[in-house]
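A short worksheet on the structure shown next.
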Amino acid sequence: MLDPEKYELQLFGSENEDGTVNFGFFEKARDGTLLIDEISEIPLETQAKILRVLIDQKFKRVNGSREINVNVRIISTSSKFIREEIDQGNFREDLYHRLNVVPILIPSLKDRPEDIPLLLNYFSEKISELNGINKTKLDTGYDLFYKYEWPGNVRELRNLVERISILSANEKNVDINGLVKDSLSHKKSVSEENSYTNVLAYPLKEAREKFEKDYLTSQIKKHRGNISKTAEFIGMERSALHRKLKTLGIKGVN
């Protein structure tokens, strides 16, 4: 991700008084591909200069006078809805249309729980390598990983794994799940709180059905749609679980 205070220096480079040159990412990516992460955070003035590179395939370095020609493919990412940023005057619509040639929409992490075990293992191994510590053995079946809403998506999960890895490094008999729970307890999602509050507003029969529906949906996500494993975990026969899912109107399972 670009440094907010050095957008133009990092993108376009600079020419110094002593005659030296600091090459920016556009020059370094010449005839290649440049990934700009969180492009919605870039100021409008800099957005205009990026647009010019896309249109004219040239730019000037900071403090420079000579045009630099480049041929670069740009891939950009954003965790915000760019259309909303345009409506709020924070993003140039002409730049959006230039960038939005092949849009790729990635669902929120909470909507793809099957990716959570893979990401937990990947980040645990990567953080171990980067920090020179033992790989933390995370319980990828722990309920909270699948009940939590992950408002910060993959970045938040990565930060959690790093925190847990550092806290448990070189410690014996550490309750990893306890560390996870403590780390996420103060981040309890609004939707979970609302769900609990709403249950209290129902008569007993409806409240029980709502709880069962939320519980079973969470367990199915946890077991990545595998009905047999879900049934075994919750102590139900597979056929009985199927009937219960049908009764509660839980769809999208085999």
Restricting attention to segment 62-79, does a residue exist that is surrounded by 14 or more Cβ atoms within 10 Å (Cβ to Cβ), modelled with pLDDT under 95, among the charged types (D, E, K, R) and not in a strand (DSSP E or B)? no
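Considering every residue within segment 186-196, establish whether at least one is of a type outside the set (Val, Ile, Thr), surrounded by 15 or more Cβ atoms within 10 Å (Cβ to Cβ) and either touching a helix residue (DSSP H, G or I) at 6+ places or on another chain (Cβ under 8 Å) or at pLDDT 85 or above (or both).
Checked segment 186-196: no residue is of a type outside the set (Val, Ile, Thr), surrounded by 15 or more Cβ atoms within 10 Å (Cβ to Cβ) and either touching a helix residue (DSSP H, G or I) at 6+ places or on another chain (Cβ under 8 Å) or at pLDDT 85 or above (or both).
When you go through Ile75, Ile86 one by one, which is the residue that is more than 17 Å from Gln10 (Cβ to Cβ) and hydrophobic (A, V, I, L, M, F, W, C)? Walk me through it before giving the result.
Working: Ile75 fails: more than 17 Å from Gln10 (Cβ to Cβ).
Going through Ile75, Ile86 in turn, the sole match is Ile86.
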Filter result (assigned to a helix (DSSP H, G or I) and of a type in the set (Val, Ile, Thr)) within segment 113-157: Ile116, Ile127, Val154
Would segment 17-28 turn up any residue that is basic (Lys, Arg) and more than 25 Å from Ile104 (Cβ to Cβ)? no
Do we have any residue at all in segment 145-165 that's more than 17 Å from the chain's Cα centre (by Cα) and surrounded by 16 or more Cβ atoms within 10 Å (Cβ to Cβ)? yes
Can you work out which of the residues in segment 91-112 that are at pLDDT 95 or above and in a loop (DSSP other than H, G, I, E, B) is farthest from Glu38 (Cα to Cα)? Arg92
Output for segment 113-151, where each listed residue is touching an Asp or Glu at 6+ places or on another chain (Cβ under 8 Å) and touching a residue at least 60 places away in the same chain (Cβ under 8 Å): Lys147
Is segment 15-25 home to any residue that is on the phi > 0 side of the Ramachandran plot, modelled with pLDDT under 95 and acidic (Asp, Glu)? no
Failed item, numbered, when Ile39 is tested on (1) among the β-branched types (Val, Ile, Thr); (2) over 18 Å from Phe12 (Cβ atoms); (3) under 19 Å from the mean Cα position of the chain (by Cα): (2)
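The values are calculated or read from the model by the stated rules, or taken from the named source; none is laboratory data. Because the structure is predicted, anything quoted here is derived from the model rather than measured. Cβ coordinates were reconstructed from backbone atoms using ideal geometry, including for glycine residues, and neighbour counts include every protein chain displayed.
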